[in-house]
1. If I go through the range 187-245 residue by residue, how many of them are farther than 18 Å from Glu159 by Cβ, free of Cβ contacts under 8 Å to residues at least 60 places away in the same chain and within 16 Å of the ligand (Cβ to nearest atom)?
2. For Leu165, indicate whether it is over 15 Å from Leu239 (Cβ atoms) and either in contact (Cβ under 8 Å) with a residue 40 or more places away in the chain or under 18 Å from the mean Cα position of the chain (by Cα) (or both).
3. Failed condition for Leu55, given (1) more than 19 Å from the chain's Cα centre (by Cα); (2) open to solvent by less than 70 Å² (accessible area, probe 1.4 Å), with all others met?
4. Inspect the range 135-156 for any residue being of a type in the set (Phe, Trp, Tyr), within 13 Å of the ligand (Cβ to nearest atom) and under 26 Å from Glu224 (Cα atoms) and give the result as yes or no.
5. Among residues belonging to the range 145-187 that are of a type in the set (Ser, Thr, Tyr) and open to solvent by less than 10 Å² (accessible area, probe 1.4 Å), point out the one that is farthest from Val124 (Cα to Cα).
6. Does Arg67 qualify as being out of contact with any strand residue (DSSP E or B) (no Cβ under 9 Å at 6 or more places or on another chain), open to solvent by 20 Å² or more (accessible area, probe 1.4 Å), at negative phi and at pLDDT 95 or above?
7. Residues that are of a type in the set (Lys, Arg): list the helices (runs of 4 or more DSSP H) wholly contained in the range 174-265 that include at least 1 such residues.
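The values are calculated or read from the model by the stated rules, or taken from the named source; none is laboratory data. Source: prediction; values computed, not measured. Every residue, glycine among them, receives a Cβ derived from its backbone with ideal geometry; neighbour counts consider all protein chains shown. Just so you know, the surface numbers come from the protein's heavy atoms only, side chains and all, with ligands and any DNA or RNA stripped out. Shrake-Rupley method; radii C 1.70, N 1.55, O 1.52, S 1.80 Å.
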Amino acid sequence: MRVWVNGELGRDQVSVIDHGITVGDGVFETIKIVRGAPFALTRHLDRLAFSARGLGLPEPDDAAVRRGVAEILDGAAWELGRLRITYTGGPGPLGSDRGPDGPTTILLAGEQKPFPDTGAIAVVPWPRNERGPLSGLKTISYADNVIALARAKAQGAGEAIFGNLAGNLCEGTGSNIFLVKDGRVITPPLSSGCLAGVTRALVTEWMDVDESDVPLQALYEADEVFLTSTTRDVQPVSLVDGREIAVGPVTRKAREIFLSRAAEHVDP
Ligand code: PLP
């Protein structure tokens, strides 16, 4: 794993009182590296800035982060890799007030194996709070996702799916969700509390997709279901809470379109 902290390549150290550690005050991005180059970097940096603004952090210095990305990827020969950008409130007191030193920026990069394709999802009983202050922000407070994913895995699934407070479908712990019903492709709108996934955005730009609220129950009545994320691309779902669902032509088409167009889209 290569490391870059606050402008220094190879510096594998952050303060133990960094607010990212003590209070989960920070935001992040996971970016796919394809043959050494970042995929959709501008979209990820825009979302990082959006999430930072949402937490009231100063916006990351775009040029400095891009320089960091170039440095950490210099000579990276991986066919497939992953770059993580973490941007925290920085060192501060042991409370919720931020300290005077300003944010910490951490880049991590390494090789990645292709994502294991289990195709099984399990709905968890805890709702996403689409009305909360963190809704739609990619913060480093992922403990609810850790618990949900562990529960799904205990049931033999590879991803956990959340509804929201309104009882509508929302997203996975690290993915967005799409349904196909009577030929219509539907994904929950951002107001459902889901993350504005970069893969979700590309699929909705490249295909005819309705961004509509659907009750969580619609998941069990769908003709096809698929997930999208940086690590999964377009991943067909074949089991929903243990019930089989066909991997159909619309999902296959979405995957085909994504993989062929993504090749032209390494950056931005
Ligand atoms: N939803 C959540 C909660 C996520 O953590 C992620 C990705 O990490 C996604 C959706 C998918 O977003 P993207 O396509 O940008 O990877």
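1. Going through the range 187-245 one residue at a time, the tally reaches 8.
2. Working: over 15 Å from Leu239 (Cβ atoms): yes; either in contact (Cβ under 8 Å) with a residue 40 or more places away in the chain or under 18 Å from the mean Cα position of the chain (by Cα) (or both): no.
Judged against the criteria, Leu165 is not a match.
3. (1)
4. Within the range 135-156, not a single residue is of a type in the set (Phe, Trp, Tyr), within 13 Å of the ligand (Cβ to nearest atom) and under 26 Å from Glu224 (Cα atoms).
5. Filtering the range 145-187 for residues that are of a type in the set (Ser, Thr, Tyr) and open to solvent by less than 10 Å² (accessible area, probe 1.4 Å), the one farthest from Val124 (Cα to Cα) comes out as Thr187.
6. The answer is yes for Arg67.
7. Output list reads 198-206, 249-262.
Rundown of residues vs (1) open to solvent by less than 30 Å² (accessible area, probe 1.4 Å); (2) touching a strand residue (DSSP E or B) at 6+ places or on another chain (Cβ under 7 Å); (3) modelled with pLDDT under 95; (4) within 30 Å of Ala166 (Cα to Cα), yes/no style:
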{"site": "Val34", "(1), (2), (3), (4)": "no, yes, yes, no"}
{"site": "Leu41", "(1), (2), (3), (4)": "yes, yes, no, no"}
{"site": "Trp78", "(1), (2), (3), (4)": "no, yes, yes, no"}
{"site": "Gly95", "(1), (2), (3), (4)": "yes, no, yes, no"}
{"site": "Gly110", "(1), (2), (3), (4)": "yes, yes, no, no"}
{"site": "Pro125", "(1), (2), (3), (4)": "no, no, no, yes"}
